[in-house]
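Reading through the structure tokens given below for one structure.
The values are calculated or read from the model by the stated rules, or taken from the named source; none is laboratory data. The structure displayed is predicted, hence computed values, not measured ones. All Cβ positions, glycine included, derive from the backbone under ideal geometry; neighbour counts span all protein chains shown.
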Amino acid sequence: MKRIHNREKEQFKKLFKKEDIDDFEDRFKILEVFLQNEHHLTVGELIHLLNESGYQFSSDFVRDTLKFMCRFGFARRNRFDNGEVRYEHRHLGQHHDHMICTKCRNIYEFEDEQLENLQVQIAATHNFHMLQHKMDIAV
């Protein structure tokens, strides 16, 4: 079942209209298709999904929209060990880490509260307050 991300859509509308970003309706269509997928997508894979939904956008326009989505916190740009740039949806208020298989190059997301707490403790031991972090484990 596909999730409906109403909070993200409302934030997108507010931010993009406030910033007076052009082609809002087309960019919103890209966001909607992007939010329906929980995988780590390349620009080409997103274009394929857009085409399946009946939308035709140039790769430059999709790439530009993803750049805005990253800037405003709706997406995260990752270059995993395989070197390919992939975009993932950032869930508001949620965090996860990644394991990347070095053989099949699949990316597995995981959450571990115990690990998260340990990372906060380690930062505090060194007199730091952790604002954010990223963990990618090659397996």
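Which count do you get for residues in the range 62-81 that are over 17 Å from ASP97 (Cβ atoms) and among the polar types (S, T, N, Q)?
Total satisfying the criteria: 1.
Being aliphatic (A, V, I, L, M) and surrounded by 14 or more Cβ atoms within 10 Å (Cβ to Cβ), is that true of even one residue in the range 1-14?
Taking the range 1-14 and keeping what is aliphatic (A, V, I, L, M), we get 1, 4.
Retained after the next criterion (residues that are surrounded by 14 or more Cβ atoms within 10 Å (Cβ to Cβ)): none.
Scanning the range 1-14, I find no residue that is aliphatic (A, V, I, L, M) and surrounded by 14 or more Cβ atoms within 10 Å (Cβ to Cβ), so the answer is no.
Any chance the range 78-85 includes a residue that's modelled with pLDDT of 85 or more and in contact with a strand residue (DSSP E or B) (Cβ under 9 Å, 6 or more places away or on another chain)?
Yes, some residue in the range 78-85 is modelled with pLDDT of 85 or more and in contact with a strand residue (DSSP E or B) (Cβ under 9 Å, 6 or more places away or on another chain).
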